[in-house]
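Remarks on the structure that follows.
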Amino acid sequence: RSTSGAEPESARARGAGAERGERREGECAAAGIRCVAYNNQSNRLAVSRTDGTVEVYNLSANYFQEKVGCEDGSVKLFQITPDKIQFERNFDRQKSRILSLSWHPSGTHIAAGSIDYISVFDVKSGSAIHKMIVDRQHMGVSKRKCIVWGVAFLSDGTVISVDSAGKVQFWDSATGTLVKSHLIANADVQSIAVAEQEDSFVVGTAEGTVFHFQLVPVTSNSSEKQWVRTKPFQHHTHDVRTVAHSPTALISGGTDTHLVIRPLMEKVEVKNYDAALRKITFPHRRLISCSKKRQLLLFQFAHHLELWRLGSTVATGKNGDTLPLSKNADHLLHLKTKGPENIICSCISPCGSWIAYSTVSRFFLYRLNYEHDNISLKRVSKMPPFLRCALQILFSEDSTKLFVASNQGALHIVQLSGGSFKHLHAFQPQSGTVEAMCLLAVSSDGNWLAASGTSAGVHVYNVKQLKLHCTVPAYNFPVTAMAIAPNTNNLVIAHSDQQVFEYSIPDKQYTDWSRTVQKQGFHHLWLQRDTPITHISFHPKRPMHILLHDAYMFCIIDKSLPLPNDKTLLYNPFPPTNESDVIRRRTAHAFKISKIYKPLLFMDLLDERTLVAVERPLDDIIAQLPPPIKKKKFGT
C-alpha cells in the first residue's frame, strides 16, 4: 500500500479531508475474525475470518504457520518467516467455507465446522478423516441449511458443536458419530468456550441467553459422568457472538456491545471484587482529545477521525440550569483512513495545529491551518520507519514536542516546527524487555514525561536532560490513568483496583497526602466501583483539587479536607443547606462526586471556569442496533 507525499488537503466546515492512496494489485486485506482457538501444548493459535480463511500461527518457532481455507473449499498451508511467505501444501478440498475450528489438545487434529457438516482433519497429512453430517431439523421442521457456528475439541476425542438450529451436540471423533444432542434455543447458538479442566463449558445464543454446561456424575456414587445444562443467564439483549471461560467466571460479548463477566460463585472463595457481576460497555481508554486553545474536540472512530469546534453561549443562569447555545458546534473535519486497518490511537495538539494518529502499520502526522470556516490540511511526509506503529501519542503543553510510544517499547521525542519535524531522542526499553508504554503524561512546563507500561510500572523521564529520572515503586495492578500537577510536578496515578497515589517527581517519593491515604484507606464504596478511572486533570487556580472521572461518575478530590471513613456517606458529603457553615465544613470530606451524567467518554477543563463533558447515552447505542429476536411469552 502506498500513500502520496505531502500534498495539501482541504475541508470546509462539515466537509471531509481523506487520505489519498492507492492499493497495489494482489494486496491482502485482513477480514474480520469470527473465532479463535489456541493449543497450549503446541503453542499454536488458529484464527478463522469472515472471508472464509483459516490461519494457524506457530508462536514458539519464530515463524507463523498459516492455513488458508478459501471460498472454493480448498485449504492451503503456508509458513510465514520474518523474510518470506512460503507455500507448504494443500489440504483436502471441502465443499463449503470453514466457519469454526478447534484444535485437539494434542495438536494432531483439528475439528472444523462448515455448513451442514463438521470435518476432522489430520494435521500431519492434511486429510479429512471424518465428515459428520449435522441434522437440519429444528423444532420438528427441516431447515434449508444448518450452520455450525462453533466447535470444541476435547482431550477424550469428543467434539462439541453449536449450530443455527439451536442445538448443542456431542460427537465421537474416532467414529464420526453423534453421541448426544441438546436443543436449547429457538434461534442460533453462536459461540462456545470450554474450561481448561474440560469439566464445564459455556455457549451463547442469538436470543441473548448464555447457558452453562457441567460434567457431573450420573448418580451420587457413580464414576460415570454426563454433560448437564445447569444454569441459563440473560444479561444480553442481542446475539451473543463470543464467549470465554475463565477459572472463576463466564465471559460473554456480542451485538449489544456489552462485555459481561459473570462469576461462578462456587469457584470464588472470598467475597470480593471477583465475586461481583460486571458489565463493561465502553473501552477503558480515551478516544477523545482536546485542543483547549481553540476549543476543539477530536473524536477517534475505527476508521476515521472527526474534528469538532465546541458551541458557545452568552446566556446566564443559576447552578444546574441548561443554557441555550448562541453558537452551535461545528463539524470541521472528517479524516478517513485508507485500507482495513483500525486506528489505534490519536491526538490533537493543545494549539489545534497538529493531528497525529497511528494504525497497526502506519503513523500519520498532519498540519492544520485555519482560515475562517476553512481548514487546510497538509500531511507531513517521509515519516521515519521507527514511527511505523504507535500505541500512545501525546503533545507537549506548548505544542512544540510530540511524544510517541511505539509498539516495540521505545519512547520517541519529536520536535515540531512550522510544517516539519525533527527526531530528538528515543528512550529505549530496559535491557531484555520490550514492554510497550500504554499511557503517557507530560508536565505543563515540558520538563517531565511519565510513561506507564503493561506491567504496571511507571517511569519518569527528564525531557531536557534526555535521561531516566526515576521509577515509581512497583504496584500489583495496572495503571488506568495518570497526570502531572502543574504547580507541584506531583504525579497522580490511578490503578485498576481504584487506588490513587500521588508521587513527587522532584523528591522521588510519595507525598504526605498519599501516605495518609494509604494508611487510612479509601471508602469501601469507592473501592467497589467496577469501572476504572480513565482521566485525571487539575484546576489551574486550585492546586489542592484533583479532578478525575470514570464512565459513570465525575469526582473532585479536595486534599485540604479529611478523607471519608466507611461510616460516612460517600456520595452526600454535605448536610442540609439550613445547617450553619461551621457544621457543614466540619462534616464535609474530600470527595465531591457527581453521577448526573450519562456514560462519560471524556471530561476535562478548558479553562478555570469551563468544563467540557462528552456523554454517550446507552439508549442511542441501542437505537442503532438491529431489533432483537422476539421471544414468545406465556399467555400472549
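The values are calculated or read from the model by the stated rules, or taken from the named source; none is laboratory data. What you see is a predicted model; the values in this text were computed from it and never measured. Heads up, the Cβs are rebuilt from the backbone with ideal geometry, glycines too, and the neighbour counts pull from every protein chain shown. The area values use the complete protein model at the heavy-atom level, side chains included, leaving out ligands, DNA and RNA. Shrake-Rupley method; radii C 1.70, N 1.55, O 1.52, S 1.80 Å.
Here are the numbers:
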read-out: Which numbered condition Leu394 fails, given (1) open to solvent by 10 Å² or more (accessible area, probe 1.4 Å); (2) out of contact with any Leu (no Cβ under 6 Å at 6 or more places or on another chain); value: (2)
read-out: Condition met for Val260 (under 22 Å from Ser164 (Cα atoms), open to solvent by less than 30 Å² (accessible area, probe 1.4 Å) and outside the structural domain of Lys167 (by the TED database)); value: no
read-out: Inter-residue pairs, beta-carbon under 9 Å, first touching a residue at least 24 places away in the same chain (Cβ under 8 Å) and in segment 341-352, second among the basic types (Lys, Arg) and open to solvent by less than 20 Å² (accessible area, probe 1.4 Å), 6+ apart; value: none
read-out: Subset of segment 175-189 [surrounded by 13 or more Cβ atoms within 10 Å (Cβ to Cβ), polar (S, T, N, Q) and more than 13 Å from Cys146 (Cβ to Cβ)]; value: Asn186
read-out: In segment 107-131, residue most open to solvent (accessible area, probe 1.4 Å) [restricted to those that are out of contact with any Ser or Thr (no Cβ under 8 Å at 6 or more places or on another chain) and small (Gly, Ala, Ser)]; value: Ser125
read-out: Breaking point among (1) modelled with pLDDT of 85 or more; (2) open to solvent by less than 30 Å² (accessible area, probe 1.4 Å); (3) closer than 29 Å to Ile536 by Cα, for Ala275; value: (1)
read-out: Number of the exception - Asn407 against (1) open to solvent by less than 30 Å² (accessible area, probe 1.4 Å); (2) modelled with pLDDT under 95; (3) not charged (D, E, K, R); value: (1)
read-out: Selection within segment 378-390 - in a strand (DSSP E or B) and either surrounded by 20 or more Cβ atoms within 10 Å (Cβ to Cβ) or modelled with pLDDT under 90 (or both); value: Arg379, Ala390
read-out: Residues of segment 445-482 classified as under 24 Å from Ile280 (Cβ atoms) and open to solvent by 10 Å² or more (accessible area, probe 1.4 Å), total; value: 9
read-out: Test result for Ser181, small (Gly, Ala, Ser) and either touching a residue at least 60 places away in the same chain (Cβ under 8 Å) or outside the structural domain of Ser102 (by the TED database) (or both); value: no
read-out: Evaluation of Lys327 against (1) touching a residue at least 24 places away in the same chain (Cβ under 8 Å); (2) out of contact with any Phe, Trp or Tyr (no Cβ under 8 Å at 6 or more places or on another chain) (one fails), failing number; value: (1)
read-out: Top-ranked residue of segment 497-530 - restricted to ones that are open to solvent by 40 Å² or more (accessible area, probe 1.4 Å) and within 30 Å of the chain's Cα centre (by Cα), ranked as nearest to Leu439 (Cα to Cα); value: Asp530
read-out: Lys327 being closer than 19 Å to Val614 by Cβ, open to solvent by 50 Å² or more (accessible area, probe 1.4 Å), in contact with a Ser or Thr (Cβ under 6 Å, 6 or more places away or on another chain) and not assigned by the TED database to the domain that holds Ala551; value: yes
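To keep it simple, each residue is scored yes or no on (1) out of contact with any Leu (no Cβ under 6 Å at 6 or more places or on another chain); (2) surrounded by fewer than 16 Cβ atoms within 10 Å (Cβ to Cβ); (3) assigned to a strand (DSSP E or B).
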{"residue": "Val162", "(1), (2), (3)": "yes, no, yes"}
{"residue": "Phe170", "(1), (2), (3)": "yes, no, yes"}
{"residue": "Ser191", "(1), (2), (3)": "yes, no, yes"}
{"residue": "Val202", "(1), (2), (3)": "no, no, yes"}
{"residue": "Phe213", "(1), (2), (3)": "yes, no, yes"}
{"residue": "Gln226", "(1), (2), (3)": "yes, yes, yes"}
{"residue": "Arg229", "(1), (2), (3)": "yes, yes, yes"}
{"residue": "Phe233", "(1), (2), (3)": "yes, no, yes"}
{"residue": "Asp256", "(1), (2), (3)": "yes, no, no"}
